[in-house]
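A short worksheet on the structure shown next.
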Amino acid sequence: MTASLEVLTRWIDSQPEEDRRLLQAATGLDQGGEVLPGPMAVGLAVSGGGDSMALLHLLAGAAPLLGFRVEVATVDHRLRPESADEAAFVARTCALLGLRHDTLPWTDHPVTGNLMQAASEARRALLAQWAQQRGLARVAMAHTSDDQAEGFLMALARGTGLDGLCGMRRDWMEHGTHFIRPLLRQSRQELRGYLQRHGLTWREDPTNEDDRYTRSRARKAMAALAPLGIVEGRLTDTMRNLADVRRVLDVTLGGFVERSVQEGAGTLFLRRTLYLDLPHLLRRRFLALVIRWMSGARHPPRSEPLFELSMALRDPCTMTLGGCIFKNGGSQIGIVREPRAVQPRVAATGRWDHRWQVEADFQPGQEIGALGEDGLQQCPDWRETGLAWEMLRVTPAIWQGDTLIAAPCAGFGAATATCAPSFHQFLLSH
């Protein structure tokens, strides 16, 4: 054990007994000190609610002993009139604690679609951008075991597959940033109890009681299920058991991918007979992971269309799902990104369409976007790559207006492009 961990351990042991378990979780000592080892800089996502305010106060006391700095951000989704006041409340608290605080506004609201899902994705993207700008090694979020249980019920309602029933990940990479959830084994009641014992305040989100929101209804359903013994602890135990099953499946699927799946220029290939040798469950799991890797989707498609795709691929066909094209040509199955689903052009900073990392001497005004058929016509030697045009048209290219500067996969210009992570790396990390 390092000296800083010894100091932290002694300090935690000197705290009131009811606080020790929470302090161990917040600092990672319940995981052998592997979650928040110092020295480093850690970002906290704090909304002003009870869970995140508890994490803020827990780490504010422990961070100096571990030798890392803490910075705080509040994402103001600007969806409720109270949100600005909540962000200001967090800012005032951080000022009293001597911590830097930033408010991150979300203004790019979608006109259609699932607003809550878009807000969740935007929150993580804003936090990742903030963390990278501030040089923060990780971003901690204060989800609890209650969030786990409510998420389980919501996943059941969606008819999700195994992944949705295994609960939240404790840590993961997204937008190039390491996110962690150190309080997943702690309950909402424990955290509010900590705040009450120490006379600390928080702000309640009124949407928690609004039945227009699925999570609010799930929270109330948990109370109704309690007389049957279906409580937060029982559901989290079930999720852990399912996660063990998932690990076994993923080890098996990982071996299949390593032996049987070829990756080139962002496209995947495998022999039809090898696909058919997989059990039905692993076929669907393979297809779901492919879609998530290619599209950047946080969740797999619903079970019904995934099942239909899995069954259709037994015979020659071409189908699309989740922004991907699946083509069974008889002997080989090819999977490629769907052109209309790729990310539009973005400023040339290196990352594009969720998985591509482009390296080049970028100049002002340049953008990264799909090569497309127009760009392919500007690549005189693309056939020498041995890659089909269907593959190349959805690979990244560097543009200056309508002029093609580089198309790495098509052998044009001075640049490189790789999928990071590769599909096999993605499988291992999920």
Test: residue in region 302-321 that is of a type outside the set (S, T, N, Q), open to solvent by less than 20 Å² (accessible area, probe 1.4 Å) and touching a residue at least 60 places away in the same chain (Cβ under 8 Å): yes
Selection within region 166-188 - outside any loop (DSSP other than H, G, I, E, B), open to solvent by 30 Å² or more (accessible area, probe 1.4 Å) and out of contact with any Ser or Thr (no Cβ under 8 Å at 6 or more places or on another chain): D171, E174, H178
Unmet requirement for A312, which otherwise passes all of (1) touching a helix residue (DSSP H, G or I) at 6+ places or on another chain (Cβ under 8 Å); (2) within 28 Å of L392 (Cβ to Cβ): (1)
Counted residues, region 379-415 - those being among the small types (G, A, S), part of a strand (DSSP E or B) and in contact (Cβ under 8 Å) with a residue 40 or more places away in the chain: 1
Out of A142, A131, A149, sole residue that is assigned to a helix (DSSP H, G or I), modelled with pLDDT of 90 or more and more than 22 Å from R246 (Cα to Cα): A131
Residue list for region 397-414, filter: more than 28 Å from the chain's Cα centre (by Cα) and at negative phi: W399, Q400, D402, T403, L404, I405, A406, A407, A410, F412, A414
Where L58 falls short, out of the listed (1) at pLDDT 90 or above; (2) closer than 22 Å to A125 by Cα: (2)
Where a residue in region 39-68 is within 15 Å of L22 (Cβ to Cβ) and its partner, wherever it lies, is in a helix (DSSP H, G or I) and among the charged types (D, E, K, R), with Cβ under 6 Å and at least six apart: G50/R192
Answer from L404, L371 - the residue that is farther than 30 Å from V257 by Cα, open to solvent by less than 50 Å² (accessible area, probe 1.4 Å) and of a type outside the set (K, R): L404
Of residues in region 21-40 being in contact with an Asp or Glu (Cβ under 8 Å, 6 or more places away or on another chain) and open to solvent by 10 Å² or more (accessible area, probe 1.4 Å), the one modelled with the lowest pLDDT: V35
One residue from V394, V342, V336 being modelled with pLDDT of 95 or more, touching a Pro at 6+ places or on another chain (Cβ under 8 Å), closer than 30 Å to D250 by Cα and open to solvent by less than 70 Å² (accessible area, probe 1.4 Å): V394
Of all residues making up region 304-336, the number that are within 18 Å of R271 (Cβ to Cβ) and charged (D, E, K, R): 3
Top-ranked residue of region 89-116 - restricted to ones that are in a helix (DSSP H, G or I) and free of Cβ contacts under 8 Å to residues at least 12 places away in the same chain, ranked as surrounded by the fewest Cβ atoms within 10 Å (Cβ to Cβ): L96
Residue list for region 138-159, restricted to those being surrounded by fewer than 18 Cβ atoms within 10 Å (Cβ to Cβ) and within 30 Å of W356 (Cβ to Cβ): R158
Restricting region 62-83 to residues that are open to solvent by less than 30 Å² (accessible area, probe 1.4 Å) and assigned to a helix (DSSP H, G or I), the residue that is farthest from A142 (Cα to Cα): L66
Lone unmet requirement of (1) farther than 21 Å from P421 by Cα; (2) among the charged types (D, E, K, R); (3) not in a strand (DSSP E or B) for E258: (1)
Of all residues making up region 346-358, the number that are open to solvent by 60 Å² or more (accessible area, probe 1.4 Å) and either among the β-branched types (V, I, T) or modelled with pLDDT of 95 or more (or both): 1
Given (1) among the charged types (D, E, K, R); (2) without any contact (Cβ under 8 Å) to a residue 12 or more places away in the chain; (3) closer than 20 Å to R292 by Cα, number of the condition E338 does not satisfy: (2)
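The values are calculated or read from the model by the stated rules, or taken from the named source; none is laboratory data. Note that the structure is a prediction, hence the values are computed from the model and not measured. Methodologically, a virtual Cβ is constructed for each residue, glycine included, from the backbone with ideal geometry; neighbour enumeration extends over all protein chains shown. Surface areas here come from the heavy atoms of the whole protein model, side chains and all, with no ligands, DNA or RNA. Shrake-Rupley method; radii C 1.70, N 1.55, O 1.52, S 1.80 Å.
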